[in-house]
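Inspection log for the structure reproduced underneath, given as C-alpha cells.
Coordinate-derived values only; no laboratory data. Every value quoted in this text rests on a predicted model; they were computed, and no experiment measured them. When we count neighbours, we look across all protein chains shown, and the Cβ atoms used for this are built from the backbone with ideal geometry, even at glycine.
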Amino acid sequence: MKSISTEPKALLTISGLTFAYEGAVGQNQRQTISDLCLNVHEAEILCILGASGCGKSTLLNLIAGLLKPNRGAVEFPQKAGKGRGIGYIFQQDALLPWRTVEANLMLASELTAVNNKMQMLSRIGQYLNVFHLKPDILKKYPNQLSGGMRQRVSIMQSLMFDPQLFLLDEPFSALDFYTKLSLENEFYQLVKEQRKGAILVTHDIEEAVAMADRVILMSKDGLFTKEYEIEYDDPDRTPENARGTAKFAELYRVIWSELKAVIEA
C-alpha cells in the first residue's frame, strides 16, 4: 500500500537569491540581498525581523516579481499556470477610493477569468464572516471606514484572487492595539484553516513571536543570521492567548537580545 505523506507542501522555494541596487555613476553597487535560501510551507507564517534598510521589503518585492534578482531562483512548486499566486498586503491599503467596498472586492472578477458574479458574492459573504464585518459595509467607500476596517477589506481584496502565499509588509503597524490583536487573530486563523502561507515583515517582536511559526533575523548585509522555531504547548493557540504565556516571554527575551546584537553589529 502506497504511503501518504503528511509533510506540509512547500509553497515557496528560494535558492541563492542575490540582489543589488545600482549605485550612482562611479559608485559600487550596494548589495541588499545576499545568497538567501528559504522555504515557506502551507499553513505556515514566517516573520522576518531586522533593522530598517536591511532588505526586508526588497525581499518581498523580489518574491512578488516586482524586482529581478541578479542571481538565484524564486519558485512556487504548487502553482500551476500563469502568475505567482501571491497576495501582497502593505501598511497602507491599496483600495480604490472611487469604488465602493463591494466594487473593490469585485475587482478580481474583472482582472481574472472568474466572472461568475454569484460565486464572487458568495465568497465575499464568507470573508465578511471571517473578518467580522457587517454586509452594509459593502455599499460604503474606503474613506468612510476605520483603519481596521480598511485593512480587513484590503486582505479580503487579496483573498478574492485566491492566493496561495501572502506577503505582508507591516500591515498592522498603524492600527490601535485592540484592532491589531483582533486582525492578527483573524488572519492567523485564516492561514491555518485555509492552508495558506504567509511571510510577514515587521519591526514588532511581540507580533512576530505571537503570530509566527518561524522567526528569521536579517542583518544589515542582507543575510539571514538566525532562525527560531516558535512552538507553544496550546493546540488552540492564537496570537492573543500566546502573549500571556511564559514561553512568549522567554522567546521575546531571546530574540530581542539577538536582534539588538544584529542591529548594532
Exercise. All other residues with a Cβ under 13 Å from the Cβ of PHE224 taken together, and with Lys, Arg as +1 and Asp, Glu as -1, what is their net charge?
Worked result: 0
Problem set entry | Average silhouette area of the chain, convex hull of alpha-carbon atoms, in square nanometres | 17.6
For this session: Lys and Arg at +1, Asp and Glu at -1: add these up for the other residues within a Cβ distance under 15 Å of THR202 and post the number.
Result: -3
Exercise. Helix 117-130 versus the longest principal axis of the chain: what angle, 0 to 90°, nearest 10, using Cα atoms?
Worked result: 60
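Can you give the convex hull volume per residue for the Cα atoms of the stretch 96-162, as a whole number of Å³? Before the final figure, lay out each step's value.
On the way: hull volume 5.1 nm³, N = 67.
Spelled out: Cα convex hull of the stretch 96-162, divided by residues, is 77 Å³.
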Problem set entry | Separation in nanometres of the label points that stand 7 Å from Cα toward Cβ, at THR225 and ASN129 | 4.7
Problem set entry | In order through the stretch 62-68: 3J(HN,Hα) via Karplus (6.51 cos²θ - 1.76 cosθ + 1.60), integer Hz, x for Gly, Pro | 5, 5, 6, x, 7, 10, 9
Problem set entry | Long-range amide H partners of PHE166 with built H, under 5 Å | GLY87, GLY197, ALA198, ILE199
Exercise. Å³ per residue of the Cα convex hull, for the stretch 151-265?
Worked result: 112
Problem set entry | In degrees, nearest ten, helix 147-159 long axis to first principal axis of the chain (Cα) | 90
Seminar exercise, completed: Between the Cα axis of helix 177-194 and the main Cα principal axis of the chain, the angle (0 to 90°, nearest 10) is 90
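What does the charge add up to near LEU49, with Lys and Arg as +1, Asp and Glu as -1, over the other residues with Cβ less than 12 Å from its Cβ?
Neighbourhood net charge equals -2.
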For this session: Would you work out the relative contact order for the chain, in percent, from Cα pairs under 8 angstrom that are 6 or more residues apart?
Result: 26
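Once you keep just the Cα pairs under 8 angstrom separated by 6 or more residues, what percentage relative contact order results for the stretch 112-242?
Numbers: 105 pairs, mean separation 25.7, N = 131.
Relative contact order, the stretch 112-242: 20 percent.
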